[in-house]
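Heads up: the structure comes next, in structure tokens.
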Amino acid sequence: MGKFILKRIEQMVLVLVVVSVLIFAMVRITPSDPVASMTKGRNVSEETKNELRIHYHLDKNPVEQYLIWITGAVQGDFGESYRYKQGVSDLIGQRIGVTLKLVVMSGILSLLIALPAGILSAIKMNTWLDKLLSVLTLIFVASPVFLTALVLMLVFALRLGWFPSIFQGNGIKQMILPAIALAMNMVALTSRITRAGMIEQLNSDYIRTATSNGLPRRRVVLVYAFKNALIPVITVTSVQLGTMLVGAVLVESIFAMGGLGDLLITGIKTADYPVVQSVTLLLVFVFLCINLLVDVFYAVIDPRIRMR
Amino acid sequence: MFSAIFGHAPLYRSRKRKTGRLFTPAVAVSFAVLLILIFTCFFASVLAPYNPNAQDLYNRLATPSARHLFGTDQNGRDLFSRILYGGRTALTSALGVVAISMIIGVPLGLVSGYKGGRADTFIMRCCDVLLSFPSLLLAFVLVAGLGRNTFNAVLALGIVYVPMLTRLTRSLTLVEKNKVYVSACISLGYSERRIIFRHILPNCISTILVQITLDIAYAILDLASLSFLGLGTQPPQADWGAMLDEGRAFLLINPLLSLIPGFVIVVTVVALNIFSDGLHQYLDPAQTALPGFRKYERKYLKKKEVETDG
């Protein structure tokens, strides 16, 4: 087991190194002068410009710049933002809380909605209820996260006034609408997988045995079948958690919540390279870590995977 | 973000169909909707009552009326015309994304699957690296480097979609290459290129086609996300995602500005999903029972009975 985890971590580090080079290069595909955009509209002497170049290591060649960034990143120092004149690590530290809270909340919320919906449509397979749920999930999947968010905001914050219409800060009341918006997209896939798993389990022999032994239906469905149907759901959910980080970017931008997503998007718009590359690397890192955990989880359950 | 969350798996699967028809009611309706959308968007210049960028500053944020079917936006531009032109941008961009991913992804997958060995390992590792980005994030970074406009958004998403398509094609090729007809081709001395593109590709293409109709739906959603964030199509040009973003500031005064583009996106994507599902079931023989087998059985068995009776 330890050997398996070690091997996977080794692979992950390798991928991270390649990804970091890729990110660094991609951000700089089109040559542009950050100092020019930093000092845009202001009358700045050549001397100051040169000082800025030296301050941000822009006088060095790309390879050296990369090495400075990556050695710093490993130690938790992502360099300094061009725009905020502040350490990127500090910027990330201030904002990551909102993003994490949003992702965790909507992850839990999506499970709370998706699992009952999936079980229900499995029990009532091919009835009007199942069809209604499948149409609803189809619509929620097709509805882009920002549209769901806008409709929620319009109805519940602006028209009904149940929630504040300013979403900055991370009080529970501010987080509810964004979390629902992000969760709605996850619900679809999770409930479909729950449904498929439940149908498979409910048709298996041990369920027939349990039923013929006279166990109550509720117990058969919720304990016996559900337990076994849960395994694929857990995997899918954990993978979703990673990708929800990107969904959070969109939601944060709509509700102007001031999370990592806001930071990333303004970074892209203002060519703030240190911010863009560092936030991206962080998100990829988190995503890979979650994938690693899922793999380990799988290996614990299924010994065949460990052997490969 | 949808491909980010769901991978490129189909999101909608109806029950097993009983006959081998393509146009079941659901598929026929979605196909009609798609045809109407394509027709109206590509003839936008003829059908649109106004120039999409013509401003009528006396008539700002107007509610729907006979003159302006969907009303007007904050600059007095006709929303209906902008929806049509925006659809043209959205549909052509989505097709562009899919075309790019297909041109790169399919040949890579074919070569990777057929040749195996080092080429395969190399291509698969590259895919792994690209897939280690939660998908839209890669598009963000690419757009950050390339610059923000429609073309770059299309290019970025095209690249983002490549690894999934490569993997799909590779897995299909791996199955095909062990079939008898490939051995026959090899024994006839055909070149590798001919075997891959003339013999294996046609046998994989139907599955790839289904995936591509789905990818168009995802591309529309992802492009709208990029435009919404201001990373894709830039403001004066009409685009569904960008219009949603522009209308957001006037949510309380005239919510239709955001809701109509959103509604159109949802309808398009749902229609594409249902159509793709229908196509999948039509092209995949395992999904359909023999067409009308029971009917024939009844017919001929009855006939036989009649014959023996007589």
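The values are calculated or read from the model by the stated rules, or taken from the named source; none is laboratory data. From a predicted model like this one, the values you see are computed outputs, not experimental measurements. We place every Cβ from the backbone using ideal geometry, glycine too, and count neighbours over all the protein chains shown. The area values use the complete protein model at the heavy-atom level, side chains included, leaving out ligands, DNA and RNA. Shrake-Rupley method; radii C 1.70, N 1.55, O 1.52, S 1.80 Å.
How much area per residue is accessible in region A:93-269 when the probe is 1.4 Å and only protein heavy atoms are counted (Å²)? Walk me through the numbers on the way to the answer.
Numbers: 7440 Å² over 177 residues.
On a per-residue basis, 42 Å².
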Here the whole-number average of other chain Cβ atoms within 10 Å per Cβ of A:7-14 is 1
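For B:143-149, what's the mean count of beta carbons from other chains sitting within 10 Å of each residue's beta carbon? Provide the component values of the computation, followed by the final result.
Values: counts 2, 17, 12, 3, 4, 2, 0.
Average neighbour count from other chains, rounded to a whole number: 6.
Rounded, prolate or oblate: which one fits region B:160-231, using the alpha carbon gyration tensor with axes a ≥ b ≥ c (rounded when a/c is under 1.5, else prolate when a/b beats b/c, else oblate)?
Details: a/c = 3.99, a/b = 3.40, b/c = 1.17.
It is prolate, given that a/c is not under 1.5 and a/b is the larger ratio.
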Test assert for region B:212-233: residues whose accessible surface shrinks by at least 20 Å² between chain alone and all chains, 1.4 Å probe, equal B:LEU221, B:SER225, B:PHE228, B:LEU229, B:LEU231
Probe 1.4 Å, all chains present, heavy atoms only: A:ILE29 accessible area in Å², nearest 10, is 80
Of B:PHE42, A:PHE226, ordered by accessible area with the largest first and a 1.4 Å probe, the sequence is B:PHE42, A:PHE226
Rounded to the nearest 10 Å², the 1.4 Å probe accessible area of A:GLU10 is 130
By the DSSP-based rule, helices of chain A that are at least 30 Å long along the axis (C-alpha) and have a mean Kyte score of at least 1.0 are A:2-27, A:88-123, A:226-255, A:273-301
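With the full set of protein chains in place, find how many percent of the accessible area of region A:37-100 is carbon and sulfur; take the probe as 1.4 Å.
Numbers: 2220 of 4110 Å².
Reported share for carbon and sulfur atoms: 54 percent.
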Losing no less than 20 Å² of accessible area (probe 1.4 Å) relative to the isolated chain, the residues of region B:124-141 are B:VAL129, B:SER132, B:PHE133, B:PRO134, B:LEU137, B:PHE140, B:VAL141
Here, B:ALA32 and A:VAL18, labelled 7 Å along Cα→Cβ, have an inter-label distance in nm of 5.0
Taking A:LYS227, A:LYS101 and ranking on accessible area (1.4 Å, protein atoms only), highest first, one gets A:LYS227, A:LYS101
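Arrange the residues A:ARG83, A:ARG192 by how much accessible surface each exposes, largest first, with a 1.4 angstrom probe.
Sorted descending by solvent-accessible area, the residues read A:ARG83, A:ARG192.
Tell me the per residue accessible area of region B:60-191 using a 1.4 Å probe; a whole number in Å² is fine. Can you show the working numbers first?
Values: 5310 Å² over 132 residues.
Each residue of region B:60-191 exposes 40 Å² on average to a 1.4 Å probe.
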Checked chain A with the C-alpha gyration tensor, a ≥ b ≥ c its square-rooted eigenvalues, rounded below a/c of 1.5, otherwise prolate if a/b is larger than b/c and oblate if not; verdict oblate
Between chains A and B, total accessible area buried, probe 1.4 Å, no ligands or nucleic acids, nearest 100 Å², roughly 4400
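Could you work out the local net charge near A:ASP33, counting Lys and Arg as +1, Asp and Glu as -1, over the other residues with Cβ closer than 10 Å to its Cβ? If you can, show how the numbers build up before the last one.
Details: positive: A:LYS49, A:ARG53; negative: none.
Overall, the nearby charge balance is +2.
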Of every hundred units of 1.4 Å-probe accessible area on region A:189-280, the number belonging to carbon and sulfur atoms, as a percent, is 60
Residues whose built amide H sits under 5 Å from the amide H of A:GLU80, excluding neighbours closer than 5 in sequence, are A:VAL88
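Please say if region A:93-269 is rounded, prolate or oblate, where rounded means a/c under 1.5 for a ≥ b ≥ c the square roots of the C-alpha gyration tensor eigenvalues, and otherwise the choice is prolate for a/b larger than b/c and oblate otherwise?
Numbers: a/c = 2.72, a/b = 2.17, b/c = 1.25.
Verdict is prolate for region A:93-269.
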